[in-house]
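Shown next, in structure tokens, is the structure this report addresses.
Each value in this text was obtained by applying a stated rule to the coordinates, not by laboratory testing. Quick caveat: nothing in here was measured; it's all calculated off a predicted structure. Note: ideal-geometry Cβ built from the backbone for every residue, glycine included; neighbour counts use all protein chains shown.
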Amino acid sequence: MIRFLLGVATNLVLAALALLIADWLLADVTLQLGGFLVAVAIFTLAQSILGPFVFNMARKYASALLGGVGLVSTFLALWVATLFSGGIQISGTGWVLAPLIVWIITALGGWIILGIFVERYLKKREKTKLVRQATKHR
């Protein structure tokens, strides 16, 4: 359960960071403060639902596209997030560059944060739990 909650928190933080960076770098991406948190939540939810769906569709119908699953699901999640007014708006070349920027940041960030820091935390926690159990039985 803790792994799941840490994963959700990590995804929310990385999505917020990625959207802020895309807004900062691209003139065709606009974030509005009032709907920013809603846009982040919608993007994260859409990404978590669409990722496995796109993967399964690509595996079933177009296995050559499996490498681009993350990029496609990021594009679709951004599109879903733009459907809710007051959060994020994307136009022009932003539709090409924003998914790429957001995908790179969330993929690398997830790999680094979940792969390194969270794993270390969980291993340390497990070790502490084993030590406590060993001292109880003495």
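Here's the yes/no breakdown for (1) of a type in the set (A, V, I, L, M, F, W, C); (2) under 26 Å from LEU5 (Cα atoms); (3) buried (at least 18 other Cβ atoms within 10 Å of the Cβ):
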{"site": "ILE88", "(1), (2), (3)": "yes, yes, yes"}
{"site": "GLY92", "(1), (2), (3)": "no, no, no"}
{"site": "ILE101", "(1), (2), (3)": "yes, yes, yes"}
{"site": "ALA107", "(1), (2), (3)": "yes, yes, no"}
{"site": "PHE117", "(1), (2), (3)": "yes, yes, no"}
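Among the residues of the range 31-40, is any of a type in the set (Val, Ile, Thr), over 18 Å from ILE101 (Cα atoms) and either touching a residue at least 40 places away in the same chain (Cβ under 8 Å) or in contact with a Lys or Arg (Cβ under 8 Å, 6 or more places away or on another chain) (or both)? Write out each step before concluding.
Filtering the range 31-40 down to residues of a type in the set (Val, Ile, Thr) leaves 38, 40.
Pick out the ones that are also over 18 Å from ILE101 (Cα atoms) and you get 38.
If we keep only those that are either touching a residue at least 40 places away in the same chain (Cβ under 8 Å) or in contact with a Lys or Arg (Cβ under 8 Å, 6 or more places away or on another chain) (or both) as well, we get 38.
For the range 31-40, residues of a type in the set (Val, Ile, Thr), over 18 Å from ILE101 (Cα atoms) and either touching a residue at least 40 places away in the same chain (Cβ under 8 Å) or in contact with a Lys or Arg (Cβ under 8 Å, 6 or more places away or on another chain) (or both): present.
So is GLY70 closer than 23 Å to ASN11 by Cβ and in contact with a strand residue (DSSP E or B) (Cβ under 6 Å, 6 or more places away or on another chain) or not? Break it down stepwise before answering.
Details: closer than 23 Å to ASN11 by Cβ: yes; in contact with a strand residue (DSSP E or B) (Cβ under 6 Å, 6 or more places away or on another chain): no.
Spelling it out, it is not the case that GLY70 is closer than 23 Å to ASN11 by Cβ and in contact with a strand residue (DSSP E or B) (Cβ under 6 Å, 6 or more places away or on another chain).
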